[in-house]
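Read through the structure below, which is laid out as structure tokens, and then see the notes.
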């Protein structure tokens, strides 16, 4: 597990770019944390690495947004409004996992159906400094 402290939106975007450099088809990033904690900003950084920073929008009402890079598609999920894993399965969500890179905001809501391996990034805001975030990055292997 790695823990990182970020002090601005810019640092969050830069971390996203850094993460993006190593992404490959089948990678799953589960982003957890309170509203406004930086999940979408990290995703913006990942997309900006691929030149797609102007394309980002939160998929809160559409559940998933698809972005095409030169290497692979990126699927940006927001499962906050889902009732749970069954609803994710009903929309065919798991079919995306092998086709590209999946970034899942509020992914803790469907952890029970995620593949064996994924990366979980937990965001925690600092109540004393509103620009400060602590991120905990964990490689999860269920077996």
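A few points about this structure:
- Single match in 51, 93 (criterion: surrounded by 19 or more Cβ atoms within 10 Å (Cβ to Cβ) and over 27 Å from residue 127 (Cβ atoms)): 93
- Search result, residues across the stretch 1-45 that are assigned to a loop (DSSP other than H, G, I, E, B), touching a helix residue (DSSP H, G or I) at 6+ places or on another chain (Cβ under 8 Å) and within 21 Å of residue 99 (Cα to Cα): 21, 23
- Pairs, first at positive phi in the stretch 98-109, second buried (at least 19 other Cβ atoms within 10 Å of the Cβ) and in a helix (DSSP H, G or I), C-beta under 9 Å, six or more apart: 106/39
- Test set (1) surrounded by 14 or more Cβ atoms within 10 Å (Cβ to Cβ); (2) touching a residue at least 60 places away in the same chain (Cβ under 8 Å) - residue 76 fails condition number: (2)
- Selection of first residues in the stretch 23-52 that are on the phi > 0 side of the Ramachandran plot and of second residues that are in a helix (DSSP H, G or I) and surrounded by fewer than 20 Cβ atoms within 10 Å (Cβ to Cβ), restricted to Cβ pairs under 9 Å at least 6 apart or on distinct chains, gives the following pairs, ordered by first then second residue: 38/9.
- Qualifying residues in the stretch 46-85 (those that are in contact with a helix residue (DSSP H, G or I) (Cβ under 8 Å, 6 or more places away or on another chain), in a loop (DSSP other than H, G, I, E, B) and at pLDDT 85 or above) - the one nearest to residue 24 (Cα to Cα): 50
- Consider the stretch 11-33 and keep the residues that are more than 13 Å from residue 135 (Cβ to Cβ) and in contact with a strand residue (DSSP E or B) (Cβ under 6 Å, 6 or more places away or on another chain). The one that is surrounded by the fewest Cβ atoms within 10 Å (Cβ to Cβ) is 27.
The values are calculated or read from the model by the stated rules, or taken from the named source; none is laboratory data. Values in this document were obtained by computation on a predicted structure and should not be read as measured data. Positions of Cβ are backbone-derived with ideal geometry, glycine not excepted, and every protein chain shown enters the neighbour counts.
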